[in-house]
Structures are given as structure tokens and as C-alpha cells.
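A quick write-up on the structure given underneath.
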Amino acid sequence: MVGWYDPRVLAHSAYKLVIANIFGRHSDTRLIEALASQPQNEFDYSAAQGDFWLDYAADIGDGWNSTYAVADAIARPELEGTEAGRVLVFGGDEVYPYPTRGEYDVRTETPYRMAFAGRAHPDVFAIPGNHDWYDSLVAFSRTFCRPERGFAGCATRQTRSYFALKLPANWWLLAIDLQLGADLDEPQVQYFQKVASRMDDAARLIFCVPEPRWILEDAYPSHSSYEELSSTRFLEEKVFKRKARVFLTGDLHFYKRHENSEGIQKITSGGGGAFLHPTHAPATRNLSNGFVQRAAYPDEQTSRRLSWRNFLFPAINPKSGWLYAFLYAMSAWLASASLEAADLIDAQTALAATLNAAIRDPLNGMWLVGVIGGFIFFTDTHVRSWRILGGACHALLHLAAAFAVGWFALWVTVKVFDLHYGSVAQLLLSGLVTFVVGGPVGAFILGVYLFVSIRIFGRHSNEAFSSLRIQDFKQWLRLRIDAAGVLTIHAIAIDRVPRRWRAAQRNGKPTIEAHDARATAPRLIDRVEIRP
Ligand SMILES: [Fe+2]
């Protein structure tokens with residue numbers, strides 16, 4: 001699993017995110033790509049005989065155990081009374097932490113190639129999620145938009161980052177690319193207009209979108225880009241001139257199904273491989289747009305229980321300690337520059353002298369302002385006053401801990417090692433002690449902060465669960481359209497993915513199979529029928 005608190009991953013992700021946000025939103029490669037590529041029509045599967053099956057997985061391409069467990073279950077010809085899809089749709093975030101040729105190859109394509117070895121291969125389609133957009137879609141289009149190349153031995157047909165599938169019984173699956181929360185681009189609107197012109201009045205729509213705006217706009221009401229003045233509403237009202245019956249998305253790494261009084265289904269299914277997100281926070285059982293939660297996986301009690309693991313933050317994310325080691329040692333160093341032996345008679349005098357130094361020494365003061373500002377920036381709320389209050393409390397907790405660690409380092413060097421205060425040996429050793437102790441202490445405080453945030457305030461649902469790196473509780477969707485035109489959506493989950501694997505042969509092809517007695521078999525967790 002990706003170590004999101006590894007300073008290198010953190011720094012590189014932040015860099016990619018900033019670049020993508022600054023340039024990605026302005027230089028829209030969808031436009032360039034669409035204009036340069038072959039014209040794309042809808043892809044027609046409507047003539048398929050008997051039951052038509054389609055698999056939908058999102059947020060794939062993380063650790064091997066989770067990604068391959070889902071891929072292998074998808075590729076099995078029969079499972080829990082369902083059949084493998086003729087088509088496999090990836091709903092976004094096909095790779096983590098950021099898209100490159102190598103990461104797509106290792107984290108995404110290789111598991112699926114191994115899973116399909118010696119088995120039937122579906123046609124593969126994909127829309128990009130935010131992680132696919134961090135390189136402005138270069139690696140994504142190479143992987144999914146070149147039909148002559150294929151994906152993991154499967155045929156790919158799309159040449160753009162969005163597509164339409166014409167399914168049996170007049171069902172249409174429309175997969176939409178919304179870039180990084182941007183609006184629809186003109187070629188995409190024209191594409192869907194063309195598709196709409198080929199639909200008759202009885203056509204029924206399934207929308208695939210990159211994020212569950214119906215959840216996000218409730219969780220962050222003041223965030224303007226989640227407003228329901230959304231691109232999907234524009235497509236429903238202006239382009240297709242009818243409402244979609246089903247919405248499918250990933251982005252949040254769990255399963256939730258919301259339904260309204262008209263029977264419209266909004267399904268979040270992001271359990272294809274990435275770390276688990278919490279289902280208990282933020283609270284989204286009853287959405288303000290009239291949708292009510294009908295199913296959630298894992299259940300809220302399990303999700304709440306898992307959040308306790310944040311107390312093990314330093315052990316789960318050992319590399320995060322480097323950041324705090326640096327932060328604590330730097331703070332102690334800057335403070336100690338203005339302190340004399342007389343200031344350090346006892347902890348109370350030392351604290352007063354440290355505060356005094358922070359105010360009088362401009363460099364020290366600016367450092368502290370920077371640290372507090374950094375924590376305020378990190379705080380997950382869109383209400384400014386809460387953000388400042390929460391961030392400042394979090395920062396002061398760390399600065400207090402840095403003082404305590406610095407004081408401990410002084411005590412150890414002077415009292416235990418009997419070194420003379422201010423000697424080179426004493427200063428160097430106390431710096432080292434602050435660095436070594438500060439790492440785990442700072443990481444532990446972050447874990448406590450994340451636990452309190454998610455349990456009491458329902459915030460930091462991303463950070464408080466990416467920190468846990470949970471590879472279990474994986475799931476995906478299996479859609480069936482029967483001869484009567486009834487669409488049945490099955491959600492299938494794996495509670496515990498295998499940790500151990502071994503080489504094997506399947507129909508004469510080399511592959512890898514699970515070898516772990518504690519792993520659990522895929523099971524049906526939810527099923528909903530949508531009648532024509
Ligand atoms: Fe994701």
C-alpha cells in the first residue's frame with residue numbers, strides 16, 4: 001500500500017497536485033487530445049444475447065494484495081451467482097500515488113494481466129479520476145486510449161477520456177470526464193450531443209462520474225465547486241433531456257448506495273484497491289437533496305472501530321517521523337540560540353525564556369508563524385474560523401511537545417551524561433536526542449489529532465484513514481441486464497484480502513494465486529433491481 005505519510009510521497013504528491021491545479025486547469029489536454037484523435041462514436045453492445053454482464057471497479061492500482069484480490073475475483077467466470085462481465089469499466093483513480101508509465105504498469109496492468117491469464121478477457125473502458133489527471137492525462141491516454149495497444153491483454157476501444165456504451169434493452173452507460181473538478185469541455189459536450197441524437201425516447205441512462213458530488217456537497221456545503229449547478233445536471237437537462245436512473249462513481253474508497261423517492265440510485269463504489277475510507281464520517285445518511293443511504297460497506301460500527309488505529313500512527317507510518325524530527329529539532333535549535341544557562345534553572349523559567357525569545361528573535365518568530373500557518377493550512381474544514389482555531393490548537397500542541405522534548409534532551413545531557421551546558425558535546429547530543437525523540441512523539445500527536453478530528457468533528461476523513469493504510473474491505477460492482485430489460489446491480493466485497501501468494505498455472509498460462517488461509521472469499525453485500 002502507498003505510504004501517504006512518507007515525506008517523499010507527500011512532497012512529490014503536493015508538487016504534482018499544485019502543478020496540475022495551476023496548469024492542468026488552464027491547458028486542457030482533453031481539448032488537444034479530442035481534436036487530434038479519431039472521431040469516437042458510442043460503443044455498441046446492444047446485440048448481446050441472454051444476460052449481459054458488466055463489471056465496474058474504481059480506485060484500483062494501489063498495493064498488490066488489494067488490487068490483485070479484486071482483479072482475480074473480477075476475472076473468475078462465475079461468483080456468488082453472478083458472471084464475469086463482457087465489459088469492465090474502471091471508474092477513476094486507476095493508479096496511486098501519481099500516474100507514470102511505470103506505476104500504471106506495476107500497480108494496475110500487471111495485476112489485471114495476471115488475473116485474466118488463462119481466462120476470458122473483457123473489453124476494458126476507463127475514465128480518469130483526480131490521480132490520473134496529475135500528469136495531465138499523459139499516462140492514462142497511453143494506457144487506455146490506444147486501441148492498438150490494449151490493456152492487460154484485453155481490448156480497449158476508446159480514444160478519448162470519456163465514452164458512451166449502448167447496452168442491451170436500451171440502457172446506455174455514459175462515462176464523463178470532469179477533469180480536476182473543472183467543467184465539461186466543448187468537444188465532450190458535442191460528443192454526448194451526438195450520442196443523444198441517436199437515442200430514442202425510451203433510452204435509460206447510467207452515468208459514470210469521477211466523484212460523488214452528492215456526498216461532497218453535503219460534507220462541504222461552502223465549497224463552490226461541489227454545487228449542484230453541476231455538469232451532470234447540465235447533461236440531463238440540456239443534452240439528454242431526461243434524468244439518469246443510476247449514477248456510479250468511485251473517489252471515496254468504500255461502498256455506499258443512496259436512493260431517492262423516484263428510485264434513482266447514486267452509488268459510490270471506490271473499493272477497487274486503494275486504502276479504505278471511513279463510512280461513519282462525515283455523516284451522509286440523509287442527503288439534503290432527498291437521497292437516503294440504503295447500504296454502506298464496511299458498516300459504520302466497523303469504520304468507527306478502525307479509527308482507533310490512529311493511536312498506532314507512528315508504527316503504521318514510520319517514515320512520517322522524519323518530518324516531525326526535523327520540525328522539533330529546528331524549533332528547539334532556534335529557541336536555544338537565545339537562551340542562557342540562567343534561563344534553564346527549572347522548566348517554568350525555561351518556558352518563560354523560550355516564549356520571550358520567540359517574540360524578540362525575528363527568525364524564531366517567523367519560524368513559529370510558519371509552523372502555525374502550515375498546520376492551519378492542513379486543517380480539514382471549509383469554515384475559516386474553525387480552520388484557524390483547529391489548526392492553531394494542533395500547532396500549539398506540537399510546539400508544547402517540542403518544548404517538552406527539548407527540555408528532556410537538556411535534562412538527559414546535563415544530568416544523566418553530566419555534560420557542561422553550552423559545550424559542543426552537550427549541544428550536539430541534545431540536538432540529536434530532540435531529533436530522535438521528536439519524530440515518534442510528533443507522529444503520535446498527529447495520530448491523536450486525526451482520531452479526535454474524525455471521531456468528534458467528523459473531519460479529516462481522508463487523512464485519518466489514509467494514515468491507516470487499510471488494504472481490506474475491498475469491493476466492486478457487477479451489473480446485469482436481463483432479457484426483460486431489468487438492470488440488477490450487485491455489490492461484491494472481500495472482507496480480508498490475501499497477504500500471501502504463490503506462482504501457479506491456469507489453463508497452461510503462468511499466473512499467481514492466493515495462498516492465505518485467513519483471507520475471506522468474495523461475498524454479495526448488496527443488490528438492487530431497476531425495472532424499465
Ligand atoms: Fe481514489
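The values are calculated or read from the model by the stated rules, or taken from the named source; none is laboratory data. The shown structure was predicted, so the numbers you read here are calculated from the model rather than taken from an experiment. Don't worry about glycine lacking a Cβ; one is built from the backbone with ideal geometry, like all the others, and counts go over all protein chains shown. Keep in mind that these areas ignore ligands, DNA and RNA; they rest on the heavy atoms of the full protein, side chains included. Shrake-Rupley method; radii C 1.70, N 1.55, O 1.52, S 1.80 Å.
Lysine pair count for the chain (Cα-Cα distance under 29 Å; residues 8 or more apart in sequence or on different chains): 24. Listed values for segment 161-173 are Karplus-derived 3J(HN,Hα) couplings in whole Hz (6.51 cos²θ - 1.76 cosθ + 1.60, θ = phi - 60°), namely 8, 9, 6, 10, 10, 8, 9, x, 6, 6, 8, 10, 9, and x replaces Gly and Pro.
Nearest 0.05, what FRET efficiency do Arg142 and Asp361 give at R0 = 51 Å with Cβ-Cβ as r?
Efficiency, from the Cβ-Cβ distance: 0.45.
For the chain, the mean residue ellipticity at 222 nm estimated from helices alone is -11000 deg cm²/dmol, where every DSSP H run of n ≥ 4 contributes -39500 (n - 2.57) and the total is divided by all residues, rounded to the nearest 500.
Starting from the Cα gyration tensor of segment 314-460, multiply each eigenvalue by 5, take the square root, and state the resulting semi-axes largest first in whole Å.
So the three semi-axes of segment 314-460 are 29, 18, 12 Å.
For segment 422-434, backbone phi angles converted through the Karplus equation (6.51, -1.76, 1.60; θ = phi - 60°) give residue-by-residue couplings of x, 6, 4, 4, 4, 5, 5, 5, 5, x, 5, 4, 4 Hz, Gly and Pro being listed as x. Computed from the C-beta positions of Arg455 and Ile345, the FRET efficiency with R₀ = 51 Å rounds to 0.80. Summary value for segment 251-362: 20 percent relative contact order, contacts being C-alpha pairs under 8 angstrom separated by 6+ residues.
Relative to the current alpha-carbon distance between Asp105 and Ala203, full extension at 0.36 nm per residue lengthens the span by 31.5 nm.
Over the chain, the pair-distance histogram of Cα-Cα distances with 10 Å bins from zero comes to 4, 17, 26, 23, 14, 9, 5, 2, 0 percent, rounded to whole numbers.
Other residues whose C-beta falls under 15 angstrom from the C-beta of Ile388 contribute a net charge of +2, scoring Lys and Arg +1 and Asp and Glu -1. In this view, the solvent-accessible surface of Phe378, computed with a 1.4 Å probe and all protein chains in place, comes to about 70 Å².
Local charge sum around Leu306 (other residues, Cβ-Cβ under 15 Å, Lys/Arg +1, Asp/Glu -1)? Don't skip to the end; give the middle numbers.
On the way: positive: Arg304, Arg305, Arg309, Arg455, Arg469, Lys474, Arg496; negative: Asp299, Glu300, Glu463, Asp472, Asp495.
Here the count lands on +2.
The heavy atoms of Glu237 offer some 110 square angstrom of accessible surface to a 1.4 angstrom probe.
Give the share of C-alpha pairs in each 10 angstrom bin for segment 232-360, from 0 to the last occupied bin, in whole percents, shortest bins first. Histogramming segment 232-360 at 10 Å steps yields 10, 23, 18, 14, 14, 12, 6, 1 percent. Near the amide H of Arg204, within less than 5 Å, lie the amide hydrogens of Trp171, Trp172, all on another chain or at least 5 residues away, with H placed in the peptide plane. Once backbone amide H atoms are built at 1.01 Å from N, Thr511 has Ala504, Gln505, Arg506 as its partners under 5 Å, excluding neighbours fewer than 5 places away on the same chain.
Report the relative contact order of segment 119-207, percent, no decimals, based on alpha-carbon pairs under 8 angstrom and at least 6 residues apart. Relative contact order of segment 119-207: 26 percent.
Amide H contacts under 5 Å for Ile525: Ala491, Ile492, Ala493, restricted to partners 5 or more places along the chain or on a different chain, H placed in the peptide plane at 1.01 Å from N. Contact order for segment 373-516, expressed relative to its length and based on alpha carbon pairs under 8 Å spaced 6+ residues apart, stands at 13 percent. Residues in segment 517-522 carry Karplus couplings, in order, of 5, 7, 5, 9, 7, x Hz; the curve used is 6.51 cos²θ - 1.76 cosθ + 1.60 with θ = phi - 60°, and Gly or Pro positions show x.
With a simple spin-label model that places each label point 7 Å from the Cα along the Cα-to-Cβ direction, the separation between His12 and Asn260 comes to 4.2 nm.
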